[in-house]
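Participant: Please find one structure pasted underneath; my questions will follow.
The values are calculated or read from the model by the stated rules, or taken from the named source; none is laboratory data. Just so you know, these numbers come straight off a predicted model, no measurement behind them. Cβ: placed from backbone, ideal geometry, glycine included. Neighbour counts: every protein chain shown.
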């Protein structure tokens, strides 16, 4: 894809200007504005965001000014304002006392939303924080079920403490919190977590998976240098601390529940107290596969992709382009018992001349140039040409509308289903077709 610098050069050539009237820095500002406006108006870049229930926050704070130190992570002010916003309190009775009103019984405050699962009821809103690059919410679902959008006014007409009513979510609203937050009704306070990254500490990559599901490995590495039965064999060293064995090793034994290594499956079943299973041929090297051994595959390195015939997995890179899905998996999410938000994405940071507007395909960069020419010609001073400014603004607006229709059509063509029913999915049922000899009314 062309870089911003190459686009700015094309813009200057069309303007017949070498930074005498419009500087590169000014054109770069126009380009960033075009990038953000095109993504926002066309709604063509959409991303799926999954949130644990109850929601998790990277930071909680007491005053609004502290939000600037949250490092861009999901955050929320958990305290209640009092004395015209000059004080913060944990419970409502503290606000009443500070205002000189007789305190009444109130619910306890919470620092994190997941504390609802382990404590008493609270009067706080059930707020989910969205990513900072999110612009417009297209769809909200819980556990794969689409929720209906409503306004806070509709909930307030019920004259009920709707933000505390527990049950299964059916609606969502923008709520009363800050921008890029939503609330659901009814709320789920049971503690759930999609995937737990063990010994992660925000560093490294996922090396293996465990749980109630069965996982298999598909790898191009099928050979190894040596086989061993215990870790002591693999780590044995000579007198000069030089390892006797080097290269990729494979532990060919089967582990019983007590940690004992067994050569055959029936040995592990015996130690575990399970029913004995038929023994397969034991092997130590990959070439023994031709004599009845099993096919080996070693998961060396990092996990690059996950596939399954029963569920769907998507890789999420820095942009929707497939050529950006490099590196390793650092985070795992699931839609099961979670809030699923489909939202329009806008750029997170301003572009520089060496960057690429990779949220958009190459064909859409022409509209960014149209907007830059519009801004250049509409500016007061030398070089102003309102006729050309209107021409390029119309072309930019038409591009936003066309790409918006393309995105809407692609969204409508998607068949959304919660679970399989009666075998394969058939999509929308066909309309009833009557026989040719059916009587007609003229």
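Participant: Out of 360, 351, 406, I need the residue that is assigned to a helix (DSSP H, G or I) and modelled with pLDDT under 95. Which one? Write out each step before concluding.
Facilitator: Values: 360 fails: assigned to a helix (DSSP H, G or I); 351 fails: assigned to a helix (DSSP H, G or I).
It is 406.
Participant: Here is a follow-up. I'd like the residue in segment 37-71 that is part of a strand (DSSP E or B) and touching a residue at least 24 places away in the same chain (Cβ under 8 Å) and, out of all such residues, is farthest from residue 127 (Cα to Cα). Break it down stepwise before answering.
Facilitator: Narrowing segment 37-71 to residues part of a strand (DSSP E or B): 46-51, 59-61.
Subsequent filtering for residues that are touching a residue at least 24 places away in the same chain (Cβ under 8 Å) retains 46-51, 60.
Numbers: 46: 22, 47: 20, 48: 18, 49: 15, 50: 14, 51: 11, 60: 12 Å.
Checked segment 37-71; the qualifying residue farthest from residue 127 (Cα to Cα) is 46.
Let's see how each residue does on (1) surrounded by fewer than 13 Cβ atoms within 10 Å (Cβ to Cβ); (2) in contact with a helix residue (DSSP H, G or I) (Cβ under 9 Å, 6 or more places away or on another chain); (3) within 20 Å of residue 64 (Cβ to Cβ); (4) modelled with pLDDT under 85:
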| residue | (1), (2), (3), (4) |
| --- | --- |
| 90 | no, no, yes, no |
| 104 | yes, yes, no, no |
| 151 | yes, no, no, yes |
| 156 | yes, yes, no, yes |
| 162 | no, yes, no, yes |
| 165 | no, no, no, yes |
| 169 | no, no, no, no |
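Participant: For segment 206-233, which positions are surrounded by 11 or more Cβ atoms within 10 Å (Cβ to Cβ) and under 40 Å from the mean Cα position of the chain (by Cα)? Can you show your working first?
Facilitator: Applying the first criterion (surrounded by 11 or more Cβ atoms within 10 Å (Cβ to Cβ)) to segment 206-233 yields 206-207, 209, 215, 217, 219, 221-231, 233.
Scanning segment 206-233 gives 206, 207, 209, 215, 217, 219, 221, 222, 223, 224, 225, 231.
Participant: Looking at segment 255-310 only, could you name the residues that are without any contact (Cβ under 8 Å) to a residue 24 or more places away in the chain, in a helix (DSSP H, G or I) and either surrounded by 13 or more Cβ atoms within 10 Å (Cβ to Cβ) or under 42 Å from the mean Cα position of the chain (by Cα) (or both)?
Facilitator: 265, 266, 267, 268, 269, 270, 271, 272, 288, 289
Participant: Which residue, of 27, 50, is buried (at least 16 other Cβ atoms within 10 Å of the Cβ) and over 29 Å from residue 141 (Cβ atoms)? Let's see the steps before the verdict.
Facilitator: Details: 50 fails: over 29 Å from residue 141 (Cβ atoms).
Unique residue meeting the criteria: 27.
Participant: crowded, with 19+ Cβ neighbours inside 10 Å and within 23 Å of the chain's Cα centre (by Cα): is that true of residue 38 in this structure? Talk me through it step by step, then tell me what you get.
Facilitator: Details: crowded, with 19+ Cβ neighbours inside 10 Å: yes; within 23 Å of the chain's Cα centre (by Cα): yes.
Yes, satisfied.
Participant: Considering each residue of segment 172-185, count those that are crowded, with 16+ Cβ neighbours inside 10 Å and touching a helix residue (DSSP H, G or I) at 6+ places or on another chain (Cβ under 8 Å), and give that number.
Facilitator: Result for segment 172-185: 4.
Participant: Starting from residues that are over 40 Å from the mean Cα position of the chain (by Cα) and crowded, with 16+ Cβ neighbours inside 10 Å, keep the ones in segment 1-20 and report whichever is modelled with the highest pLDDT.
Facilitator: The extreme case among them is 15.
Participant: Determine which single condition residue 252 fails, assuming it passes every other condition in (1) surrounded by 13 or more Cβ atoms within 10 Å (Cβ to Cβ); (2) within 14 Å of residue 286 (Cα to Cα); (3) over 39 Å from the mean Cα position of the chain (by Cα).
Facilitator: (3)
Participant: Could you check segment 176-215 and list, in sequence order, the residues that are modelled with pLDDT of 75 or more, farther than 29 Å from residue 310 by Cα and assigned to a loop (DSSP other than H, G, I, E, B)?
Facilitator: Within segment 176-215, 180, 186 meet the criteria.
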